[in-house]
Amino acid sequence: MLLACLSALCFGAAVVASKRGLAYRDPRAGAVISVPTATLLLLLVTPFFFDASGFVVAAALVFALVGLFFPAVVTLLNFASTERLGPTMSSAIGSSAPLFALVAAALLLADRIPSKAVLASVGVVIGITVLSWTRAGEPRRFTWALALPLAGAMIRGLAQALAKAGLVLWPNPFAATLISYVVSSGMVGAANRFRVRPREGGKLWFMLTGALNGAAVLFMYSALSVAPVSTVAPIVATFPLVTALLSVAIGEETLRLRLIGGSALIVAAIVYLVAG
């Protein structure tokens, strides 16, 4: 649980850092800085933390498969949604990942889906509806911008279940993180066209984002190596609380009632899963 909480702390702080970087560069240019930064840091400490004992080819292939879309695709989606919706709203919707993780774990690992997951799903849907409400009080249809963090949550949930499957075969969280990040670095490099905005800057913010996300993934995989998805995923999903507090503290956002209410509903639904 401590490892999962540390992961949530790093994920939440990374969202705020990425918002600062997005003031200078677009999501693809930011991703090509943040993901390779984390990869480089992992490579630098590999001689001290990598243990090849118990190596399983099938597990390494699973970690590589995860790397094709996590963190590569999720990073791009998260940056795009943070740029358009703001860090708090984007994080709140993205915290629905455990719902998808539980379903994926049930299909891939034969894990039992907690009965409370149904009520939690309803809470998440209501929370997203509140977030999508206009100031004038008229309901706003779900736009593609709202679909960005939701798609990221789906992919993150699937990645957690797949990573758990690989960790069952080879319980080496550092190897899982390293392999997935190496593959993801190649993915974001291929997808990026370096469409940088006129103003230069933001590189350090994206490097910080990459370091925080890399640490978050390593903590998350370490937790998954010793605990089931149904325990780890909901705790990690509380990271919007960190994002909201940091955003207000540095003046990045002003929390309106709609934003507070919608975020609270989503996070409360996920915490409800933890209680189960």
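The values are calculated or read from the model by the stated rules, or taken from the named source; none is laboratory data. Since the structure is predicted, the reported quantities are computational estimates derived from the model, not experimental observations. Don't worry about glycine lacking a Cβ; one is built from the backbone with ideal geometry, like all the others, and counts go over all protein chains shown. With ligands, DNA and RNA removed, areas are computed over all heavy atoms of the protein, side chains included. Shrake-Rupley method; radii C 1.70, N 1.55, O 1.52, S 1.80 Å.
Some observations on this one:
- Report summary: the helix-based calculation at 222 nm, which adds -39500 (n - 2.57) for every DSSP H run with n ≥ 4 and divides by the residues of the chain, gives -25500 deg cm²/dmol.
- When nucleic acids and ligands are ignored and a 1.4 Å probe is applied, S90 ends up with an accessible area of around 10 Å².
- For A268 and L245, the FRET efficiency from 1/(1 + (r/R0)^6), where r spans their Cβ atoms and R0 equals 22 Å, is about 0.85.
- Phi-based couplings in Hz for the range 62-70 (Karplus 6.51, -1.76, 1.60; Gly and Pro marked x): 5, 4, 5, 4, 4, x, 5, 10, 9
- Segment A106-L257, length gained on full extension (0.36 nm per residue, minus Cα span): 50.7 nm
- Taking every protein chain into account, the accessible area of the chain amounts to 44 square angstrom per residue (probe 1.4 Å).
- Each Lys and Arg contributes +1 and each Asp and Glu -1, all at the Cβ; summed about the Cα centre of the chain, the dipole is approximately 700 debye.
- Taking label points 7 Å from Cα along the Cα-to-Cβ direction, S115 and V56 give a separation of 3.3 nm.
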